[in-house]
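Just so it is clear, none of the values below were taken in a lab; they were calculated from the coordinates. This is a predicted model, so every value here is computed, not measured. All Cβ positions, glycine included, derive from the backbone under ideal geometry; neighbour counts span all protein chains shown.
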Amino acid sequence: MKTAHTLLYICGIAAAMTLTDCTNGQKTETTGKKFNPTERTSSMTGSQREEALAAKRAALDVNIDSILYGHGVRFAIVEPKTGGDITQEIADRISMKMLQIASQNGISGVGSYNFVLGTEIAQTGRTATGTAPQKMTVNYELTFKVMNTLTGDVYATAVQTVTGVGNSFAEASRNAVKEIKNTPEMQKMLQTASQRITQWYNDNLQVIRNQVEKAEGEGDYALALAILGSIPEQATTAYRYVGEKQGTLLKGMLHKQAADMLAEMEALLASSGDEFNPAVGAYFGLIPTDCPEHATAQKLYAEYEKKCHARRDALEAKAERDEQAARELEKLKMLYDHESELATIEADKIKTKYTSMASAKAATAQASANTRPHGLFGSLGYAISGTFDRIFKVADTAGGFLSEKLGIGGEGEE
Amino acid sequence: MVSLLTATALLSCGGSQNKGLADGATGDLEAYESSDVNAVVQALPQIMVIPGDQTLQNFRMLRTETVGGRSYTIRDYKGYLLKDDRARRIISAIQEAFNEQDFPLTDFEQTLKQLDTREATDMADGLEKDAKTMLLTTARPDIILELNYDTSRDKISLTSHNYNQKGEKNISYTLSAIDAYTSKVIATVTANNIKGESTTETITADLLKNMPDFQSDIQKYFSDILTRGRDITVRIAVAEGCNVSLSDESIEGDTYADWIVDYVKTHTVKGAYKLQTNTDNELSFVNCRIRLLNDDGTQYGVYDWTRDLAKNLRKNLGLKVTNKAQGLGEVLLVVEKQ
């Protein structure tokens with residue numbers, strides 16, 4: 001009895017230990033706090049929310065007016081100096097970024113010779129983190145400025161600090177360029193610069209005149225036109241000069257280039273033969289009528305036109321002939337198709353007739369084959385039966401012959 | 001009868017042996033949900049074994065690079081994992097020991113692969129990546145298990161043999177559990193010059209022998225969090241180009257720094273904090289203890305603590321601030337240009 005009690009006690013302890021082990025040591029810390037989350041609530045009414053959302057969306061929309069202020073102003077982008085961290089690739093990327101920002105702010109082009117947008121770069125920090133994987137960081141301070149190259153005046157500046165992160169210092173430098181943004185400071189700088197450039201054009205019309213006339217005097221019409229082209233429409237006083245001068249410069253440039261145009265035209269004529277090429281006409285159109293080259297060009301163009309017309313006529317005649325031949329061919333084809341159809345119908349008829357005959361013959365043969373018995377006794381019986389058949393057949397024939405000869409039997413008798 | 005009870009109890013523990021891996025799983029979500037909240041379980045810290053610098057050095061995966069006259073230490077973790085064939089086995093033994101305590105560790109190698117994959121998919125999805133996001137795209141455990149080991153064979157010695165007469169090596173290792181936010185060492189296990197033929201087997205055997213004490217120290221750290229609140233670092237910093245200094249006078253009459261220090265005093269558990277840095281541009285505190293739960297049992301973490309501070313600074317002092325809190329224990333509040 002005592003042993004049984006001891007055994008019972010040991011088993012009880014074992015069961016308790018086993019059940020305790022089942023919890024895998026997960027002891028629940030009693031904090032006395034239950035999870036009973038309360039939902040976030042808002043004091044806004046439905047209409048208040050709609051109103052607030054509309055205001056928020058409006059604040060996020062791009063203000064078109066704010067990006068049109070620079071319309072017509074042009075800068076040249078100056079690439080930053082290379083060296084140290086700034087490789088040619090990085091310099092190119094920075095230039096592209098400046099161009100993007102300028103165009104986002106309504107700067108209409110990069111063709112100016114008088115104004116430039118450039119940047120100076122200073123490395124302000126460089127670190128390697130203790131993280132895994134390790135990251136490299138590079139910090140740059142970029143000072144953007146818009147300058148007048150004629151006077152050396154700086155019209156506006158903006159500073160941007162960027163940080164690049166990468167798995168190497170080179171990657172970090174590349175990523176730092178991506179961080180250059182069209183910030184409000186950049187927008188303000190470009191706006192200020194645009195206004196001051198516009199003002200400069202109005203105030204310095206004589207300087208522009210001198211530049212244009214100098215270029216014109218040297219026969220550099222392209223440069224003179226480019227200088228005119230850089231004058232923004234907002235600079236109204238200076239822009240009037242564009243209207244006055246542009247036609248003369250364009251004419252001068254065309255006169256200067258007439259010989260070149262003629263040479264280009266001749267080269268095209270040689271390669272085109274009697275095939276029509278619209279570029280020939282374009283070159284001819286660019287040669288002014290009061291140029292000595294015009295007469296030659298006109299003669300060549302007339303000959304070319306003649307050749308093109310002749311080729312066109314020949315092609316048209318050939319097309320007409322081809323069309324007629326096609327019509328004849330169509331007729332013949334239709335006739336052939338009709339006869340071919342009739343022949344097919346006839347062939348089908350004959351085919352049907354012979355098919356029916358063949359079928360009937362085959363059916364008879366099959367029926368005959370089915371009546372013939374099989375096996376030794378069957379064959380023997382069939383032979384005997386056949387013999388009797390033949391005897392009766394001979395007897396019938398002979399009987400008929402005799403009846404016919406003797407005049408026995410009559411109609412209706414079998 | 002007793003035997004039957006015992007058998008039933010045993011079966012209830014391992015009675016799912018005949019079922020499939022998932023079919024055999026059991027659980028009671030309702031019971032779990034209705035039990036008390038455990039703040040450590042609620043925001044379960046991520047623990048990861050990461051090789052230490054000494055080990056990287058032994059495998060030539062730690063080098064110094066000089067750029068622009070400054071030296072930088074470059075660590076190649078991926079290279080190390082490929083080169084050290086013992087690492088996987090030692091780390092697996094540690095992971096298994098934690099698994100047995102129902103605390104699965106986050107795998108370092110897998111995390112690195114996952115980060116690469118995420119970087120590629122983010123690029124394919126055209127996601128915006130700023131410098132800070134890229135900087136944080138790393139393995140960021142809350143507790144780092146830093147593993148360092150070396151053997152006499154790893155060192156070149158002119159005065160002693162690398163092996164003893166039995167062909168055994170001298171093996172040393174250290175495994176330290178470090179709180180990633182406070183840099184406090186929570187637990188450590190170390191062994192010097194233990195003899196053995198196989199480095200992996202010797203380290204693994206010794207580690208497993210010491211693991212209960214090591215895990216007990218980590219559990220004490222968790223208990224300490226539950227008792228005294230989470231230990232965090234707090235930084236209030238001024239953004240570049242900001243027109244406000246922390247030593248400027250606020251509308252309350254005292255400086256911004258004074259106001260912030262008063263806030264920290266009253267919003268830490270039993271006022272536990274230590275001021276570390278006090279400059280015009282930065283105030284930093286260490287050993288700050290914050291509560292873990294809201295009244296409704298939801299988490300109260302560093303983000304919430306920073307959010308409350310930010311709300312107060314905006315409302316009471318009119319400061320424009322940004323919450324940059326990270327992880328479980330890093331508060332950063334940036335005072336922006338006003």
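Give the average over all directions of the projected area of the C-alpha convex hull of the range B:202-338, one decimal, in nm². Spell out each step's value before the answer.
Numbers: hull surface 43.0 nm².
For the range B:202-338, the mean projected area of the Cα convex hull comes to 10.8 nm².
Please list, ordered by chain and number, the residues whose modelled amide H lies under 5 Å from the amide H of A:Arg126; skip anything fewer than 5 residues away on the same chain.
Here the answer is A:Asn139, since their amide H atoms fall under 5 Å of that of A:Arg126.
What do you get when you divide the Cα radius of gyration of chain B by 2.2 N^0.38 Å, with N the number of residues?
Here the Cα radius of gyration is 1.25 times the empirical estimate.
Within 10 Å of each residue's Cβ, count the other Cβ atoms and sort B:Thr117, B:Thr182 from fewest upward. Walk me through the intermediate numbers first.
Numbers: B:Thr117 10, B:Thr182 17.
Lowest to highest Cβ neighbour count: B:Thr117, B:Thr182.
Considering only A:His294, A:Ala235, A:Gln246, whose Cα is most displaced toward the positive end of the charge dipole of the range A:174-328, charges sitting on Cβ of Lys, Arg (+1) and Asp, Glu (-1)?
A:Ala235
Go through the range B:301-308 residue by residue and turn each phi into a ³J(HN,Hα) via Karplus (6.51, -1.76, 1.60, θ = phi - 60°); whole Hz please, and just put x for glycine and proline.
Per-residue couplings from phi come out as x, 5, 5, 5, 4, 5, 5, 5 Hz.
Shielding of A:36-44 by partners, i.e. mean partner chain Cβ atoms within 10 Å per residue? Working shown, then result.
Working: counts 6, 5, 5, 1, 0, 0, 0, 0, 0.
For peptide A:36-44, the averaged partner shielding equals 2.
Just to be sure I understand the model, the point goes 7 Å from the Cα along the line to the Cβ. What's the resulting B:Glu197 to B:Glu282 distance in nm?
5.4
For B:Gln114 and B:Glu249, what is the calculated FRET efficiency with R₀ set at 51 Å and r taken between the beta-carbons, to the nearest 0.05? Walk me through the intermediate numbers first.
Details: r = 49 Å, r/R0 = 0.96.
FRET efficiency, B:Gln114 to B:Glu249: 0.55.
To make sure I understand, if each residue's beta carbon is the centre and we count other beta carbons within 10 Å, what order do B:Tyr149, A:Tyr336 fall in, fewest to most?
Lowest count first: A:Tyr336, B:Tyr149.
What whole-number distance in Å separates the alpha-carbon centres of the range B:72-138 and the range A:90-149?
Taking the Cα centre of the range A:90-149 as reference, the centre of the range B:72-138 is 34 Å away.
Fewest Cβ neighbours within 10 Å first, please rank B:Trp305, A:Trp200 accordingly.
Working: B:Trp305 23, A:Trp200 20.
In increasing order of surrounding Cβ atoms, one gets A:Trp200, B:Trp305.
Would you kindly derive the ³J(HN,Hα) couplings of the range B:171-186 from the backbone phi angles with the Karplus curve 6.51 cos²θ - 1.76 cosθ + 1.60 (θ = phi - 60°), listing them in order in whole Hz, with x for Gly and Pro?
3J(HN,Hα) across the range B:171-186, in whole Hz: 10, 10, 8, 9, 10, 10, 9, 10, 5, 5, 8, 9, 6, 7, 7, 8.
Between A:Phe115 and residues 5 or more places away or on another chain, which pairs have amide H atoms under 5 Å apart, with H built 1.01 Å from N, and which residues are they?
Hits under the 5 Å cutoff: A:Ala76, A:Thr149.
Any of B:Lys113/B:Lys220; B:Lys132/B:Lys220; A:Lys188/B:Lys129; B:Lys78/B:Lys132 with alpha carbons more than 30 Å apart? Name them for me.
Values: B:Lys113/B:Lys220 32 Å; B:Lys132/B:Lys220 34 Å; A:Lys188/B:Lys129 25 Å; B:Lys78/B:Lys132 22 Å.
Beyond 30 Å: B:Lys113/B:Lys220; B:Lys132/B:Lys220.
Once both labels are modelled 7 Å past Cα along the beta-carbon direction, what's the A:Ala270-B:Arg60 spacing in nm?
6.6
What is the dipole size for chain B, taken about its Cα centre, with +1 at each Lys and Arg Cβ and -1 at each Asp and Glu Cβ, in debye to the nearest 20?
Details: 38 positive and 49 negative charges, 184 e Å.
Dipole of chain B, to the nearest 20 debye: 880 debye.
Could you tell me which residue out of B:Asn243, B:Asn278, B:Ile225 lies farthest along the dipole of the range B:170-282 toward its positive end? Charges go on the beta carbon: Lys and Arg +1, Asp and Glu -1, centred on the Cα centre.
Result: B:Ile225, furthest along the dipole toward the positive end.
Let's see if you can work this out: charge +1 on each Lys and Arg Cβ, -1 on each Asp and Glu Cβ, no other charges. What is the dipole magnitude of the range B:229-336 about its Cα centre, in debye to the nearest 20?
Magnitude of the dipole: close to 400 debye.
For the range B:40-227, with only Lys/Arg (+1) and Asp/Glu (-1) charged at the beta-carbon, what is the dipole magnitude about the Cα centre, in debye rounded to 20?
Details: 22 positive and 28 negative charges, 145 e Å.
Roughly 700 debye, rounded to the nearest 20.
Kirkwood hydrodynamic radius, computed over distinct alpha-carbon pairs, for the range B:166-218: how many Å, to one decimal? Intermediate values should be presented prior to the final figure.
Numbers: mean 1/r = 0.0833 Å⁻¹.
Taking the inverse mean of 1/r over all distinct Cα pairs, the range B:166-218 comes out at 12.0 Å.
Whole percent per 10 Å bin, from 0 to the bin with the longest distance: what is P(r) over all C-alpha pairs of the range B:40-227?
The distribution over the range B:40-227 is 8, 30, 33, 21, 8, 1, 0, given as percents.
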